[in-house]
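Single-structure report; data block below.
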Amino acid sequence: MATGTYCTSQGARSIQVFQCVYYWGYSLRDFVPLSPFIYLYPMIDRQTIDRILDAAQIVDVIQEFVPLKKRGVNYLGLCPFHNEKTPSFTVSPSKEIFKCFGCGKVGNAVNFIMEHEHLNYPDALKYLAKKYHIDVVEKELTQDEIEKQNERESLLVLSAYAARQFTENLFSSDEGISVGLSYFRERGFRQNTLKKFEIGYSFEKRDALSKKALEDGYKKDFLVKTGLSIEHDDHIFDRFSGRVMFPIHSLSGQVIGFGGRVLKTDAKTAKYLNSPESEIYHKSRILYGIFQARKTITQEDKVYLVEGYTDVMALHEANIENVVASSGTSLTQEQVRLIKRFTPNITILYDGDAAGIKASLRGIDIVLEEGMNVKIVLLPDSEDPDSYSKKVSNEEFLRYLKENETDFIRFKTQLLMEEASNDPVKKANLIRDIVRSIAVIPETITRTVYIKECSVHLDIQEAVLYHEVNKMRQQRSFQDRNRYPVPDDLPVPPPVIQTQVKQETPTAFSEREIIRLLLKFGSTEFQRHINPEDGMEEIITVSDYIVRDITSDNLVFDDPVFGGIFDEFRFASGQGTFIEDMHFVKHADPVISRLAADLLSEPHTLSRIFAAKQTYVETEDMKLRDMVPDALLKFKSDKIKIRLKVIMSQLEEAVKSGDKEMILELQKRDQNLKYALRAISEKLGKRIIL
Ligand SMILES: [Zn+2]
């Protein structure tokens, strides 16, 4: 695979895509689920690019240039790229894209900066890096660094492989079923929840995974670097043997690390074990469940924070999907910022243990500091989110959360007051503690409200509290100034030369529609059926359906970019996981990210294919049942038409050379294809003109 070269021109890019497509078409897909689009830029390493893309909040970025007003879930403003009097420039914070319905400009935050500031891709990234205080080291990639990037990809491939092995162990091996699966069943977890989180099992045998992975061609070096294996005296062992496995997903759904829970009660090792920090896994930057929660967090404009993996899963089963876990440690600034990209509202669920709660209160200042609204729910005595959500009905659980939500500062004041009651020294400490929490809140109005309220609860004059808060803020701002160096001025940007000319293939439109359906509705439920093997109900997503249909007919995409995207979906579907649209919107290749943004923002593209049917009057979601099969039929009919043309010219050749056998054979094929085409056109409900 051509990963050693970096490509800056379109020409080089398309060559690379073709090589990758070729590679994909002829390799064991299961072993090499590499993204077909790997681009190396000379200046910025992949890890930094990811950090920049994760940090960039589109509304925040665009608002610096265009005044935006909130309209429903989106923001609206006057387009900076064309002259207009009524705003048609739309920014979607949940999709992280902008689109102008006047001039058609579309893209993500990086694309916006490229267009608006006339910067090339690396420079646009550097611009955003400055904005979000992310260090970018500017230099040519050394051979070492190129290897490091390749290494990162390899670690991701291996982690995906391991996750797949673990799920297979859990569901299809005797040991996995009797030890692992029975543990989850006893605790009342449903099969589809286990699949949703890709839960697995690591065999008791000390080197089961390591050995299998080596046999399957994975390098020992990478096994050790992902932390899946431990090397000792030239032997390698599994880190997680005899544990149920919780894969930790990146924001775009890649497996980057694992948590493993030991099941034996007499085990001498830690109950929970996590992957060590690696090139791909940084504990402080990710939250368990964020991938599965992302969409609902935006919809509900709120996130619940719990402690453990099974708490997250339990809340999903109680129909609360906007939940993430801190995995037992206090939140880091990077984690808070990750949440803040989706919502400013966080509700923390606490188990009813006063000592534990008090210990974690200090950690919450970091959340306040980011300007988030923090609420607390205290669960009933000796219950955790997992146990309590299973004890009561879903409705009761949700009602409990809503009724018991308390504002954080109020909660903290009450909790500490109970204890300090008549001890003046303790009370002074308590006041200082609460003042510290109020002082970190960036919003003046919010601070004022809290000061007023605490003045009543603590029985202390407002003026005294103001004085203390301001004193503390001055100290902090001094510290802050020393923390971040003032960024230098931006260099003068070189002009952007647009050289992209896209060659459309005859099937481009129907291929595009299929990719659009995958991006927009890939993870939507399409149909259910009972699996005859285990009698379990199976949910078929739109993406599963499309992948199965196209694969069973052995159809291939003509457009290499569409084909590459389809392959990523095919791989995910084979694994039983989803690809989120954001994976492509945030793609490292600006051509892909722009395409994804474009497809996701198309409101009524149906009209072109389906105008003749006149049946699409409802929203797309409601019409998926027709749209998906129709789009597939349209794709097939396009393919058949191309094949018919080929046969026609072969037939001419055969007639010229008088090859009677060939003529008969080709006529037969021609007949069959025309018959298939007629059948399709009947299904589509209109005549397809040959
Ligand atoms: Zn415009």
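Quick look at the numbers
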{"item": "Segments 518-525, 99-106, 425-432 sorted - mean Cβ within 10 Å per residue, highest first", "result": "518-525, 99-106, 425-432"}
{"item": "Spherically averaged projected area in nm², based on the convex hull that wraps the Cα atoms of the range 261-371", "result": "8.2 nm²"}
{"item": "Compactness relative to 2.2 N^0.38 Å, alpha carbon Rg of the range 273-324", "result": "1.21"}
{"item": "Per-peptide average of other Cβ atoms within 10 Å, ordering 297-310, 397-410 highest first", "result": "297-310, 397-410"}
{"item": "Highest average packing first - 243-251, 443-451, Cβ atoms within 10 Å", "result": "243-251, 443-451"}
{"item": "Sites residue 182 and residue 231, calculated FRET efficiency, Cβ-Cβ separation with R0 30 Å, nearest 0.05", "result": "0.40"}
{"item": "Relative contact order of the range 76-143, pairs being alpha-carbon contacts under 8 Å that are 6 or more residues apart, as %", "result": "17 percent"}
{"item": "The range 161-318 - percent of accessible surface contributed by carbon and sulfur, probe 1.4 Å", "result": "49 percent"}
{"item": "nm² value of the averaged projected area, convex hull over the Cα atoms of the range 213-305", "result": "8.0 nm²"}
{"item": "Summed residue charge, Cβ within 12 Å of residue 283's Cβ, Lys/Arg positive, Asp/Glu negative", "result": "-1"}
{"item": "Ellipsoid semi-axes in whole angstrom, largest first, where each is sqrt(5λ) of the Cα gyration tensor of the range 154-263", "result": "23, 16, 11"}
{"item": "Sparse-neighbour loop sites [GluC sites (Glu not before Pro); the range 94-195; at most 11 other C-beta within 10 Å; DSSP]", "result": "138, 140"}
{"item": "Heavy-atom accessible area order for 135, 384, 221, 559, largest first, 1.4 Å probe", "result": "135, 221, 384, 559"}
{"item": "Accessible-area value, residue 372, 1.4 Å probe, nucleic acids and ligands omitted, Å²", "result": "10 Å²"}
{"item": "472, 648, 627, reordered so the largest accessible area comes first (probe 1.4 Å)", "result": "648, 472, 627"}
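The values are calculated or read from the model by the stated rules, or taken from the named source; none is laboratory data. Here the structure is a predicted model, which is why all the values come from computation and not from measurement. FYI the Cβ positions are ideal-geometry reconstructions off the backbone, even for glycines, and counts take in every protein chain you see. We work out accessible area using only protein heavy atoms, side chains counted, and drop any ligands, DNA or RNA first. Shrake-Rupley method; radii C 1.70, N 1.55, O 1.52, S 1.80 Å.
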